[in-house]
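What follows is a short report on a single structure.
Laboratory data are not the source of any read-out in this text; all were calculated from the coordinates shown. What you see is a predicted model; the values in this text were computed from it and never measured. In this analysis, Cβ positions are derived from the backbone assuming ideal geometry, glycine residues included, and neighbour counts consider all displayed protein chains.
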Amino acid sequence: MTLWKHAVPVLCGGALVLLAACGGRGGADAARTTPTGLDAAPMTAQDRKAKSGGSILGLFSNQANPNTTVEVNKYLWQASLEVLNFLPIESVDPFTGVIVTGYGAPPGGGRAYRATVYVQDPALDARSLKVALQSRGGGAVSAETQRAVEDAILTRARQLRVRDSNL
């Protein structure tokens, strides 16, 4: 008897929570954004409901697209890591195409540099690669030095692609 006395309010409360989760009418959460990227559009309650399958059970199903690809050229990515291997890596994100390095001196050089590499397109093209160099003492690096690093990365990327095509 006492079990039913405590079980009925618990079951009613659980049913109310499930019913409230299926509502999706908007409200205060409708204007909030989800930081999924730099240019992410606001995600409304209707977007969340559509993404979850429209019910509370949709939140627990695996609806991730298995065919999602990374939009970064693998040859430019690998070439950047190989050419700048003398610099300590601080962070890498292959999904956005950003490589950030710390300060390091090239072999045979006395000046320390740091680099930020941005691979922004899946094409093996010079427009897909952005390299920003900075020196420890003087700040900005000359355009010739920056262009030489970009050319070295592009040359190595082409070599990697030719090597893969010969397999």
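Roughly what would the spin-label model give for residue 134 and residue 146, points 7 Å off Cα along C-beta, in nm?
Result for the modelled spin labels: 1.3 nm.
Along segment 121-126, what does the Karplus equation 6.51 cos²θ - 1.76 cosθ + 1.60 (θ = phi - 60°) give for ³J(HN,Hα), rounded to whole Hz, x for Gly and Pro?
Karplus-based 3J(HN,Hα) across segment 121-126 equals 8, x, 7, 7, 8, 5 Hz.
Can you list the residues, at least 5 places off or on another chain, whose amide H is less than 5 Å from the amide H of residue 89, using H built in the peptide plane?
Hits under the 5 Å cutoff: 102.
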